[in-house]
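Derivation of every value follows stated rules applied to the coordinates shown; laboratory data play no part. Remember, it's a predicted structure, so these values are computed and weren't measured experimentally. Using ideal geometry, Cβ is built from the backbone for each residue, glycine included, and neighbour counts are taken over all protein chains shown.
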């Protein structure tokens, strides 16, 4: 009866679909889901299979601080129609489908994870937005993955200072903006020591934010840091 009055709508375009929290065939075909082959380190998609341990040029030149990163989608015009309403438009219902895609994309990371930690917002940002989109995604990921060892710790990391928006900043400026912006909450430092941690966020752009988080985790003795995001920027090779 509820579906007759309020029919379920596509998450991407608001067309009527058969099941709530799903995409219509057109939007599904328009999204670029990331699967192998990809860089063994950062998850950058390859056009052809270069081997299970192949690394992209970026990781060979400048290895990231994290061990591995995986994402469900390429961040492009299509996926932006999901990410922006979810992040800025109170569309928290989008987290359910997106978290399920992330759980599948990051299955190898989650299988051995000890702790899941959403990238934190500064309290000023949280006050205006009213929710942390990374936390919402992490909650769904834990349930969808069914990882027996993974424990969600929403306040494992703290954002110590206001960094503003990273939008429009170049890679070097992003790194400078978030340097020393994060630390591990004192009550979780003993728990984190020696653990495998999966950081959860919405979009991986330059990696500056997750690398700053990884540094903070390394300082308290975390054994391994992996990164799982809903989407990632894929820039064309030049």
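Observations, loosely collected:
- Between 0 and 90°, nearest 10: helix 133-145 axis offset from the chain longest Cα axis: 80 degrees
- Placing dummy labels 7 Å off each Cα toward the beta-carbon, the span from residue 35 to residue 104 is 0.8 nm.
- Per residue, the chain reaches -9500 deg cm²/dmol at 222 nm when only DSSP H runs of four or more residues are counted, each adding -39500 (n - 2.57).
- Gaussian network model of the chain, springs between alpha carbon atoms under 10 Å - residue of 90, 202, 183 with greatest fluctuation: 90
- In the chain, the longest principal axis of the Cα atoms and the axis of helix 208-219 are about 50 degrees apart.
- Comparing 138, 113, 54 in a Gaussian network model of the chain, where Cα atoms under 10 Å apart are tied by springs, the biggest mean-square fluctuation is seen for 54.
- Rounded to 0.05, the FRET efficiency of the residue 112 and residue 190 pair, given R0 = 22 Å and the Cβ-Cβ distance, is 0.60.
- Degrees, to the nearest 10: 95-105 long Cα axis against longest axis of the chain: 60 degrees
- Applying 1/(1 + (r/R0)^6) with R0 = 25 Å to the Cβ-Cβ distance of residue 160 and residue 223 gives a FRET efficiency near 0.60.
- Taking Rg and Dmax of the Cα atoms in Å as calculated from this structure, the corresponding entry among (i) 17.7, 58; (ii) 19.8, 66; (iii) 17.3, 53 is (i).
- Given R0 = 45 Å, the distance between the Cβ atoms of residue 88 and residue 49 translates into a calculated FRET efficiency of 0.75.
- Most mobile listed residue (161, 170, 91) in the chain, GNM with C-alpha springs under 10 Å: 170
- Rounded Å value of the spacing that divides the Cα centres of the range 45-85 and the range 100-118: 16 Å
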